[in-house]
Amino acid sequence: MSSLFVEFLLPGMAILVVFFAAGLYRKIQYPSPLVWGRIIPRVGPVRAHEVLDYNEEFEEEPAGWHLRREARRQQFKVNRGYLHSEATNTTLFLQALLFEKLKIDPGKPGLKYGPLELAIVEMIDEATELRWKQVRWQFILMLRARFGLKIDKEIFLTLLAHYKNLEEQMIALAGAEGDWLRGMLVERLGLMDWRVIEGGESEPDPA
C-alpha cells in the first residue's frame with residue numbers, strides 16, 4: 001500500500017498542487033479584464049478612519065494571557081476583513097485597468113503614449129504589485145493569528161496607504177470617462193462625505 005501511494009498518489013498530488021499554484025498565479029497576476037459597468041456594483045467601502053480607530057483601541061492589551069489572546073483573535077478577525085475588502089477592490093481595479101489597456105492600439109509605440117495611456121500602464125503595475133503584497137500579508141496574518149502573535153501594525157497601515165492611493169487614482173481615471181462614472185464610483189466606495197482633491201489627498205467636505 002505504501003509503495004502504491006508513493007508511485008501513484010504522490011505524483012498525482014504534486015500535479016494538482018502545480019495546477020493550483022499556476023491557477024492562483026494567473027488569477028492574481030492576470031485577472032480577466034472587465035468594463036467599468038461590471039466593476040462599479042462590486043466595489044465596496046474601505047474606510048481608513050474605521051481601520052485606524054479600531055486598531056487604536058488595541059494599543060493597550062488587557063492583562064492576563066487568556067484575555068490578551070482573545071483580544072488578539074478578535075483583532076485579527078476584524079483586520080482580516082478589512083484586508084479582504086482592500087484585496088477585492090484592488091482586483092476589481094486591476095480588471096478595469098486591463099480593460100482600459102485593451103483600448104490602446106497594440107501597434108502604438110510606448111514612446112507615443114499619451115498621459116492617460118501612460119497612467120493606465122503605470123497603474124496596472126502598481127495594482128499588480130499591491131495585489132501580491134496583499135496576498136503575502138494575508139498569509140502572514142493567518143500565521144500570526146495561528147500562533148497568537150501581535151499584528152505588525154506598521155505593515156498593515158502601509159498597505160492601507162498604498163491601497164488608498166490606488167483608490168484615488170482610480171477615481172481620477174473614472175473622472176476621465178465622465179463625471180457620472182466618477183460619482184458612481186465615489187458613492188460605491190463610501191466616499192460621498194469626502195472630496196478627492198488633485199494631488200492624491202482627501203479632505204472632508206465643509207459643513
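The values are calculated or read from the model by the stated rules, or taken from the named source; none is laboratory data. Just so you know, these numbers come straight off a predicted model, no measurement behind them. Here Cβ is always computed from backbone atoms with ideal geometry, including for glycine, and neighbour counts include all displayed protein chains.
Condition (residue is at pLDDT below 80 and assigned to a helix (DSSP H, G or I)) applied to region 26-43: is it met by at least one residue? Among the residues of region 26-43, at least one is at pLDDT below 80 and assigned to a helix (DSSP H, G or I), which makes the answer yes.
Does GLU86 fit the bill of being within 15 Å of ILE28 (Cα to Cα), in contact with a helix residue (DSSP H, G or I) (Cβ under 6 Å, 6 or more places away or on another chain) and touching a residue at least 24 places away in the same chain (Cβ under 8 Å)? Yes, satisfied.
Scanning region 103-117 for residues that are surrounded by 10 or more Cβ atoms within 10 Å (Cβ to Cβ) and outside any loop (DSSP other than H, G, I, E, B) yields LEU116, GLU117. Taking the criterion of being surrounded by fewer than 19 Cβ atoms within 10 Å (Cβ to Cβ) and among the hydroxyl-bearing types (Ser, Thr, Tyr), the only residue of region 129-169 that qualifies is THR158. For region 123-143, indicate whether the set of residues that are in contact with an Asp or Glu (Cβ under 7 Å, 6 or more places away or on another chain) and at pLDDT 90 or above is non-empty. There is at least one residue in region 123-143 that is in contact with an Asp or Glu (Cβ under 7 Å, 6 or more places away or on another chain) and at pLDDT 90 or above.
Looking only at residues in region 138-171 that are among the β-branched types (Val, Ile, Thr) and either part of a helix (DSSP H, G or I) or outside the structural domain of ARG47 (by TED's automatic domain parsing) (or both), which one is nearest to LEU94 (Cα to Cα)? Give the derivation first.
Applying the first criterion (among the β-branched types (Val, Ile, Thr)) to region 138-171 yields 140, 151, 155, 158, 171.
Still in the running and either part of a helix (DSSP H, G or I) or outside the structural domain of ARG47 (by TED's automatic domain parsing) (or both): 140, 155, 158, 171.
On the way: ILE140: 23, ILE155: 22, THR158: 19, ILE171: 13 Å.
The qualifying residue nearest to LEU94 (Cα to Cα) is ILE171.
Between residues in region 25-54 that are closer than 12 Å to ASN89 by Cβ and residues that are hydroxyl-bearing (Ser, Thr, Tyr) and surrounded by fewer than 16 Cβ atoms within 10 Å (Cβ to Cβ), which pairs lie under 9 Å by C-beta distance while being six or more apart or on different chains? If the second residue must be hydroxyl-bearing (Ser, Thr, Tyr) and surrounded by fewer than 16 Cβ atoms within 10 Å (Cβ to Cβ), the pairs left are ARG42/THR88; VAL43/THR88; GLY44/THR88.
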